[in-house]
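Where a number appears in this text, it was derived from the coordinates with a stated rule and is not lab data. Keep in mind that this is a model prediction, so the values were computed, not measured. Don't worry about glycine lacking a Cβ; one is built from the backbone with ideal geometry, like all the others, and counts go over all protein chains shown.
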Amino acid sequence: MSTDIGVWIAAFLTLGILSFLYKDNPFYKVSESIFIGVSAAYWFVYMIYNVIEPNLLGNLQKGEWWYAVAGILGVMMLFRLIPKIGWLSRWAVAFMIGTGAGLNFIVYLQSNVMKQIRGTLAPLNSIGNIMMIVGVITGLIYFFFSAEHKGLLGGAAKVGIWFIMVSFGASFGYTVMARISLLIGRMHFLFSDWLGLLH
Amino acid sequence: MRRQIPLAITFIGGVVMIIQYFIPHQISQEIYRGVLDWQMIVGGFVLVLGIGSLVTHHTEKVKRQKEGWGYSLVALLGLVMMAIAGLFFGGMASDKPFMQIFIYAQNPIQATMFSLLAFFIASAAYRAFRARSFIATLLLLAAIIVMIGRVPIGAKIWSPIRVISNWLLDYPNMVAKRAIGLGVGLGMLSTALKIILGIERSYLGGGK
Amino acid sequence: MGFFRGMLNLDRRIIFILIAGAVVVPLFIPFHLKMHPTPASQGLYNAVEKLPEGSTVIISGEYDPGTAPEIQPMMIGALKHCFRKGIKVILMGLWPQGPALEGQALQEVFKEKEFKEMNLQYGKDYVNLGYKAGGAVVIQSMGTSIPATFPTDMAGTPIEKLPLMKGIRNFNDITFVLDFSAGDPGTPAWVMFAHDRFHVPMAAGCTAVSAPMLYPYLQTKQLSGLLGGLKGAADYEWLTKSSGTGIRYMPSQSIAHLVIVIFIIIGNIAFFVVRKGEKR
Amino acid sequence: MDTRFWTKEKCKWRRKVLPLTAFIILLALWGTIRAQSPVDTLPPSPPTEVTAFDTPNDAGKNITINWKLSTDDGAGRNIVKGYDILRSESQEGKFEVVGSVVAGISTFQDDKVKNRRNYFYKVRAKDHTSSDSPTVGPVQASGQWYHKGKTVVLIFVVIFTALVIYFVESAKKGKKLYVRPIPGMDAVDEAVGRATEMGRPILYILGLSTISDVATIASLTILGRVAKKVAEFQSKLLVPCYNPIVMTVAQEVVKNAYLDAGRPDSYDESNIWFLSSSQFAYAAGVNGIMLREKTATNFYLGMFYAESLILAETGNIAGSIQIAGTDAVTQLPFFITSCDYTLIGEEFYAASAYLSREPKLLGSIKAQDWGKAGLIALIILGGFFASFHFDTFINLFTVGH
């Protein structure tokens, strides 16, 4: 059995979270509350040391004055707390949304559309390739919105959803492995690091 | 005016970020890096708003002695302790209180929450994987084959299952993911365009 | 009939208990399972096996305690494999907690008699450069100069004082890269920069969930091998003929999978029996 | 091979022959080494056809050097250990090593140069001794204003933008548009109504991403519609948030929805609060809310990660009606198994327009459909071209870095 107080705290909290599987209870509620409080402070402190300090103050010190704009945008966000000038925070929000939309537009166009299309352009010389082309096309047809799914279109959409379902089943089955591994890791912590029953 | 300026900022921000993609020149690279940095910095600032909201939410509960206010007190205590440890007792060095709390309190809870998934994935599978219809049967069979095919015991039970499971993952699975990915791509492109062009503006509050 | 009806509305807590049992019991009563390493695992093993004695390998860790159960056994396996082959190891990480976990992996390795007796020395046989923020940018900058990217090691020792790092300027002086990653930044960044740009051969290990995303790199030979999840770790231990948590956890993994599948089958039998009964 | 040679009868004979053979081989080897060693001091043949040029499509300060491998690299005497790349600022000036690569590599990028300055290069093949290629240059580095490898993307951007604008405009002019039913969205009224009847709150999760993520905006749009329904039905809406900016925007959106519904006084800002920016702390908190507040309906719309199943299964335990929608392909299987309705990928993006029934928003759905039709045509064409090895067409879609 461990003599490290930290391990005991960790074990106590681990059991607290696991107890949720039986039902919601005070033990879980305490662990949850600690988690919420501690993690909020963690991110706050982390942001100060890893973002505000190096990326904002560090760059300003180096004389890269345009980082002041980021500081101003940040302060603008805080204007929300003052009702009279709260509307100014929308400018900062608009900046985040606009640049985010532009960036995502490009990223998705390149990685979700172009690369995927490139990967689908294959010669029709094997069952695998023919299946790939049929699957992608019928899958896309399932996502047609402006036409009723009837007749040929409906049939294709149906095949599309078959593919999608097989994929969901396979991904689900595949993920089981990873999740079980994590549980094994936790159990190993309880029985080995804490109780010392496993060697 | 209060509407026009934010819409203009969104438009300019969006268009600049799209154009910079096509320009390899250093100026464009710097804008790109700058914007990413700025986004991060603004994200840091607004955490103040977040913490403010969290603190009000819980102090209200404690003040009014609403049901479960004791737990709110625990959350507040956790927050204050962790913040003090981080800001005044040696920062993020691994042997200082901040990281110790992180290692012995936050980490185990995090890992345990994550491991709850092992239980939930089992209960979800049991409840949902019933051969109610043709589609449900496809879902069920694909899941079972891959689940068994991934572990060594699967090959002991029936050796071709490994091959079938790999085939399922490599072909139908990949194909459907690609179709979904293309759909998502288009949906996201058109939504992003609507945002940039100011057609979609509900995020500014109100649909009109 | 009553039994099957009951099975259909089974209390999920019974499933939870059985899953917990399926995981815990095999930990105490381990049994032998023969591994069939996947070609991807074999690829990584072969690549490391082929490295000449005295070559220098970078092992990078991008994971955290949450994902450590899957990644840590790979890290330990790789360290053992490299040490046995007399390969010098440079540890680092692009996730804040990676290098600390790598340190723990080293401790695990040195607990074993075989490696304790090798009397490996920090600074000469292995170093830990620690964490650097920036993801892909860090790798790019290592391509230009490793000492400039990591002026000190994790403990703050100037890099010039470490004998292993003498003569290491950039990726040209690195024989191989092993990247163990649980997400982003991770293997794609390493492939894009260390492999594609600076031409260092590499292999990787990842969580089971992210393995399908990395498979394409195997087909294009950008990765010489890939360990996926706990099964990948077990494969590697099997290939290097060492014991470790990968192989040790495999029975739990297998039994838990079986339990879930049996539940699904029972659920379906109950479903059909009850539906038949209702039709009458 | 004749295996009989290795059978037992021949064993004796083999025992005599083997050492003899080994001796002869060793002798021969020694001889070869002896014979080769003086030759080895001869330098390897130098690299040829060296070219140096400004790296295309880049930010500048970068010159690419290519060469043809030394004939002693991988062939010939096979003695090349690697190559050094040497640079000077004048033809006859002092050359310095700026980088080196291992044998078999025939390209190098020098990123330590200044823009608009003349440089000269040589490549040196190395063994114990070395030999240099002729000097090439002068060459200058510069940054480009347009990336030629990205023209396909540009064409796509132009076509798609034109499609969206065209269909939005024609929808504004009153052209009727059909949109097929989207599973979960027809259930929104019913779900809100049910919550009102039961006197229990509705939970709305905006996903675990930032405001820069388009999925979050799509979710905020749907939140606006749902909040309006909730306000009309006089129900309670809980929105615990993962990201503080998303929280502030959600507050505005919900406030305005209540205003639209004519019930501004029912709006309570404290029901939209920040829960946690830590993935699993957020999940733990939402779990608690679902079980303690006994939410009647849960919406999960936006970007999700591994916590999706923790949320959806707990909601299932609590017996809530659950409507999910996400563009996170990896999490869709879990929502499908645990929720009553799941919007798959693009359906989620279409849902906001579908709910609003606003023509200009619906117009963009039509553009998406045309986009898909175009992609299908491309795939079919590409299939045929690839079958006949017409690779130019396929390579069009390879985007440069």
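The string of couplings for the stretch D:168-179 from the Karplus curve (6.51, -1.76, 1.60, θ = phi - 60°) is 5, 5, 5, 5, 4, 6, x, 6, 6, 10, 8, 10 Hz, one whole number per residue in order, with x for Gly and Pro. Taking all Cα pairs closer than 8 Å and separated by 6 or more residues, the relative contact order of chain D comes to 14 percent.
Looking at the square roots a ≥ b ≥ c of the eigenvalues of the Cα gyration tensor of chain B, which shape do they give, rounded for a/c under 1.5, prolate if a/b is larger than b/c, or oblate?
Oblate shape, in that a/c is at least 1.5 and b/c is the bigger or equal ratio.
Note on chain B: helix-only mean residue ellipticity at 222 nm, from DSSP H runs of 4+ residues weighted -39500 (n - 2.57) and normalised by residue number, equals -26000 deg cm²/dmol.
Using 0.36 nm per residue and subtracting the Cα-Cα separation, the extra length available between C:Ser243 and C:Lys50 on full extension is 67.3 nm.
As a length-normalised measure over Cα pairs under 8 Å and 6 or more apart, the relative contact order of chain C settles at 28 percent. Summing +1 for each Lys or Arg and -1 for each Asp or Glu among the other residues whose beta-carbon sits under 13 angstrom from that of D:Ser278 gives -3.
Dividing the summed helix terms, -39500 (n - 2.57) for each DSSP H run of n ≥ 4, by the number of residues in chain C produces a 222 nm estimate of -15500 deg cm²/dmol to the nearest 500.
Ranked for footprinting exposure by Cβ neighbours inside 10 Å, fewest first, D:Arg292, A:Arg186, D:Arg357 give D:Arg357, D:Arg292, A:Arg186. Taking each DSSP H run with n ≥ 4 as -39500 (n - 2.57) and averaging over every residue of chain A yields -22000 deg cm²/dmol at 222 nm.
Rounded if a/c is under 1.5, else prolate if a/b beats b/c, else oblate: with a ≥ b ≥ c from the C-alpha gyration tensor eigenvalues square-rooted, which is the stretch C:117-161? Here the stretch C:117-161 falls in the prolate category.
For the stretch C:104-154, the set of GluC sites (Glu not before Pro) satisfying both a DSSP loop assignment and a count of at most 10 other C-beta atoms within 10 Å is given as C:Glu117. Computed over neighbours whose Cβ is under 13 Å from that of C:Glu62, the net charge equals -4, Lys and Arg +1, Asp and Glu -1.
Comparing D:Lys112, D:Lys236, D:Lys148 in a Gaussian network model of chain D, where Cα atoms under 10 Å apart are tied by springs, the biggest mean-square fluctuation is seen for D:Lys112. Which shape class applies to the stretch C:39-243: rounded if a/c is under 1.5, otherwise prolate when a/b exceeds b/c and oblate if not, where a ≥ b ≥ c are the square roots of the Cα gyration tensor eigenvalues? In terms of gyration-tensor shape, rounded. Charged neighbours of D:Tyr178, selected by a Cβ distance under 14 Å, balance to +4 (K, R count +1; D, E count -1). When you filter the chymotrypsin sites (Phe, Trp or Tyr not before Pro) in the stretch B:1-101 for DSSP loop state and at most 14 other Cβ atoms inside 10 Å of their Cβ, you are left with B:Phe89.
Working from the Cα coordinates of the protein assembly as shown, the gyration tensor eigenvalues give, after taking √(5λ), semi-axes of 49, 37, 32 Å in decreasing order. Just checking the listed ones, C:Ser60, C:Ser252, C:Ser181: in the Gaussian network model of chain C with Cα springs under 10 Å, the one fluctuating most is C:Ser252.
If you wrap the tightest convex hull around every Cα atom of chain D and split its volume per residue, you get 298 Å³.
Taken about its Cα centre, chain A carries a charge dipole of about 540 debye when Lys and Arg each add +1 at the Cβ and Asp and Glu each add -1 at the Cβ. Across peptide C:246-258, the mean count of Cβ atoms from other chains lying within 10 Å of each residue's own Cβ comes to 6.
Averaged over the residues of D:61-74, the number of partner chain Cβ atoms lying within 10 Å of the residue Cβ comes to 0.
Cross-link candidates for C:Lys241: which lysines have Cα within less than 24 Å, leaving aside residues fewer than 8 places away along the same chain? C:Lys241 reaches B:Lys156, C:Lys34, C:Lys50, C:Lys80, C:Lys85, C:Lys88, C:Lys111, C:Lys113, C:Lys116, C:Lys231. Here the relative contact order of the stretch D:48-139, from alpha carbon pairs under 8 Å that lie six or more residues apart, stands at 33 percent.
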